[in-house]
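Supplied in structure tokens, the structure appears directly below.
The values are calculated or read from the model by the stated rules, or taken from the named source; none is laboratory data. Not measured: the values here are computed from a predicted model. We place every Cβ from the backbone using ideal geometry, glycine too, and count neighbours over all the protein chains shown.
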Amino acid sequence: MRFDHVVEGDMLVVGSGLAGGLAAIRGLDAGKKVIVATKGKLCWSGASAVVGGAATAIPFPEDDKAVWMKAIVEVSDYTADQEWVRDYIENGYAQMEKISEITRRHGLEGFPRDASGGYWRFSNPKYPVKTQLCSPYEILEAFEKELRQRGAVCCERVMITHLLTEEGQVKGAFGFSYRTGESWLFCVPVVVMAAGGCTFKVDTYDNCGEPFAMAYEAGAKMMAFDRGGALVRPRNAMRAGVLDNVPLAGLPQWLGARFVNAEGTELSELMTPEELNSGRLGVDAAITREVAAGRGPIYEDCTCLSPESKKLLFRLKKANCRRVQVEYGLDPMEEKIPMRREQTEQTYVPDVCNRMGGIDIDIHGESNIRGLFVAGDASAPKACAQHPFPGVEIGWAMFSGGRIGGYAVQACDRYGASDVKLCRKLAEPAVFELIQALNAHGPVTPDELKEKVMETLIPYNVNHCDEEAMKACIAKLEKVAEEMLPELGVRDFHELREYVEAKSMLWVALMIVQSEIRRKESRVGVHRRDYPMMDNVNWLKWIGFVKKDGRPEFFTEDIATPYFDVPKTITLQTRPRV
Amino acid sequence: MAVQGIDYEKCVDCGKCYDICPDDVFGMFCGKVYVRDPMGCQSCALCAMVCPSGACHINVVRPKPLPAGRRV
Ligand SMILES: Cc1cc2nc3c(=O)[nH]c(=O)nc-3n(C[C@H](O)[C@H](O)[C@H](O)COP(=O)(O)OP(=O)(O)OC[C@H]3O[C@@H](n4cnc5c(N)ncnc54)[C@H](O)[C@@H]3O)c2cc1C
Ligand code: SF4
Ligand code: SF4
């Protein structure tokens, strides 16, 4: 078997978002030979690259630690791993300072400062903690420069498909370039999996759950897939946020931007009480109604912002602002932006978000496979990520990237080098699997499979569900697998990428529902009609699974509460699901 | 389709859109970019952000039909 590229190193980082970028820099800091393999351009793919300006909830040293602990644990319906939450509260700020220093080195600012020179922080309206602003575009730009200038081996447009392990120990990884079809064999004792989560969206998205699928196949313990939170977004809304066709997604609103009609009347004065109570969906409904009634257009008005706020908004929402300039030929900070409405009724796009499980890790970020470290969205949310607390996801990506990257560095020394000959042998089944896919010439495209998976999962997952609905969903997903997988056709390496993505999405969808059906109560975004109570007496547990005899074997694990006492009660779960 | 296309009157063939697109929506032929896979676009506007000449046009309205025709 001939591999186009065989790369040896100390540490392979899979993915180069906020988590992978910082983990790789930690490896360089320690003088390791770091390889970064990433599906997109280095540092410009995954969720991190599309966030723009973001809320980031990182506890500051002067904050009350007990308040943070309570807020994070409560908002996760008590499922956050309190050891990790404590670590995050104590050490998150240090990672943030490290990122600030990296961005400064490149003349950029990862965390904007206000006129007084302090970090720009906002009070959270719902929780007694503060959220600060962060600028992922600038952080990623600095990460990219850092990795290239300091000699990381950067393998871009390479999709990792398989982890290579022997007796529960990482030996390397295998993947291919979807632009050229070249094969890549990586021989490393340590892999930091930072390849993001899995999202089911009507528009495509490059986080498709491959890190979960390949880690599971290699024997990793998976955790908390029952947290399949769901969202809907207005169809008109640009996915990444603000400034065009979309109710303000936070940032301009925080800064003081408004929606107005041609007469200058504020939209809020025209909104019904119900719309006013429905957040951004209410704003979208009001805009659509006004336009349909011939009272449009409604404008997004950032002209009233202070010069500093305008500058900040432009920096943080650079992509969207630039798009408004190109499509409308206007300056979004100096002219009002008309909200386009192509439908006369408000329609929504259901959007199952990546607030779901991941690869289980210990307090040093290592999975049950020795040498497999996991950071960011790829890790199980029990480690405090991926729950509906604004800003903790990005906070976790950065914190875990830095912290777990540090632990991974130590493991390089512990585990020694990997053996190329062994890796070649371990990669053979992976190669045959992909060859088999390339030999498939059926009529179904991988994109059609993705669509079908979403069509099957989303309606079930958006609604309040019960056992019957879950069983029906599982049966439908199994039927999709049975009927569509043999009919797939893969014509080139781009389609091979989509094929791997579609297959892992199908598997993740099944694992979500199969995990949810086991939780006989309502918690963390899953509201069951048949078990409407949140039951802290019997169900303060995580649900996980691991591959055994070719099938997932499910288990539960009690959640320890060393720092925050959970009330031992059974209460009606009223948190809205959508 | 979410990406509308390239305005060749304005395009300066810098290849930055091809370089950055996370979904590899663009292709390259004879030093010129073309739209390889319009339906693959996720409307992230990164191409518009890096395009020096305002030649990358993106439509943000979701083009695909709702799964099972749902209206929530
Ligand atoms: C529109 C949007 C807005 C958001 N806003 C906020 C917010 O305001 N606050 C907040 O806290 N969180 C927010 N989030 C969530 C947050 O962005 C993510 O939790 C975080 O960026 C995850 O970072 P990550 O590094 O773990 O993964 P990602 O940024 O997703 O990076 C994954 C990396 O892995 C690569 N990759 C994937 N698969 C493979 C493979 N098979 N082989 C090789 N490489 C692979 C990708 O190319 C990418 O480089 C938002 C998310 C989105 C989509
Ligand atoms: S908007 Fe994003 S996904 Fe679409 S073509 Fe541009 S860079 Fe690619
Ligand atoms: S970034 Fe703009 S100018 Fe450069 S190749 Fe793409 S469309 Fe043309």
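Is there any pair with a first residue in the stretch A:402-426 that is at negative phi and a second that is surrounded by fewer than 21 Cβ atoms within 10 Å (Cβ to Cβ) and aromatic (Phe, Trp, Tyr) whose Cβ atoms are under 8 Å apart and which are 6 or more apart or on different chains, and what are they?
Within 8 Å, the pairs are A:424/A:3.
Yes/no per residue for (1) out of contact with any His (no Cβ under 6 Å at 6 or more places or on another chain); (2) within 9 Å of ligand 2 (Cβ to nearest atom):
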{"site": "B:4", "(1), (2)": "no, no"}
{"site": "B:19", "(1), (2)": "yes, no"}
{"site": "B:25", "(1), (2)": "yes, yes"}
{"site": "B:30", "(1), (2)": "yes, no"}
{"site": "B:36", "(1), (2)": "yes, no"}
{"site": "B:40", "(1), (2)": "yes, yes"}
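Out of the residues in the stretch A:9-29 that are surrounded by fewer than 24 Cβ atoms within 10 Å (Cβ to Cβ) and touching a Cys at 6+ places or on another chain (Cβ under 8 Å), which is nearest to the other protein chains (Cβ to nearest Cβ)?
For the stretch A:9-29, the residue satisfying everything is A:9.
Do we have residue A:262 as free of Cβ contacts under 8 Å to residues at least 40 places away in the same chain, closer than 14 Å to residue A:335 by Cα, of a type outside the set (Val, Ile, Thr) and assigned by TED's automatic domain parsing to the domain that holds residue A:337 here?
yes
Right, another one. Could you grab the pairs with beta carbons closer than 9 Å, sequence gap of 6+ or different chains, first residue in the stretch A:187-199 and within 14 Å of chain B (Cβ to nearest Cβ), second one more than 16 Å from ligand 2 (Cβ to nearest atom) and in a loop (DSSP other than H, G, I, E, B)?
Listed by first residue and then by second, the contacts come to A:195/A:15; A:196/A:15; A:196/A:209; A:196/A:354; A:199/A:209; A:199/A:353; A:199/A:354.
May I pose another question? Taking the stretch B:28-60, which residues are in a helix (DSSP H, G or I), more than 8 Å from chain A (Cβ to nearest Cβ) and near ligand 3 (Cβ under 10 Å from one of its atoms)?
B:47, B:50
Another question about this same structure. Could you tell me whether the stretch B:6-15 includes any residue that is within 10 Å of ligand 2 (Cβ to nearest atom) and of a type in the set (D, E, K, R)?
No, that holds for no residue.
Tally up the residues in the stretch B:7-27 that are within 12 Å of another protein chain (Cβ to nearest Cβ) and either surrounded by 15 or more Cβ atoms within 10 Å (Cβ to Cβ) or assigned to a loop (DSSP other than H, G, I, E, B) (or both), please.
Counting residues in the stretch B:7-27 that are within 12 Å of another protein chain (Cβ to nearest Cβ) and either surrounded by 15 or more Cβ atoms within 10 Å (Cβ to Cβ) or assigned to a loop (DSSP other than H, G, I, E, B) (or both) gives 14.
Still on this model: Are any residues in the stretch A:473-499 more than 14 Å from every other protein chain (Cβ to nearest Cβ), assigned to a helix (DSSP H, G or I) and under 30 Å from residue B:35 (Cβ atoms), and if so, which ones?
A:484, A:485, A:487
When you go through A:73, A:34 one by one, which is the residue that is more than 16 Å from ligand 1 (Cβ to nearest atom) and in contact (Cβ under 8 Å) with a residue 40 or more places away in the chain?
It is A:73.
Moving on. Whether any residue in the stretch A:82-89 is surrounded by 20 or more Cβ atoms within 10 Å (Cβ to Cβ) and in contact with a Lys or Arg (Cβ under 7 Å, 6 or more places away or on another chain) is what I want to check.
yes
Right, something else. Looking only at the stretch A:113-130, which residues are in contact (Cβ under 8 Å) with a residue 12 or more places away in the chain, touching a helix residue (DSSP H, G or I) at 6+ places or on another chain (Cβ under 9 Å) and under 17 Å from residue A:391 (Cα atoms)?
Residues satisfying the conditions are A:119, A:120, A:122, A:124, A:127, A:128, A:129.
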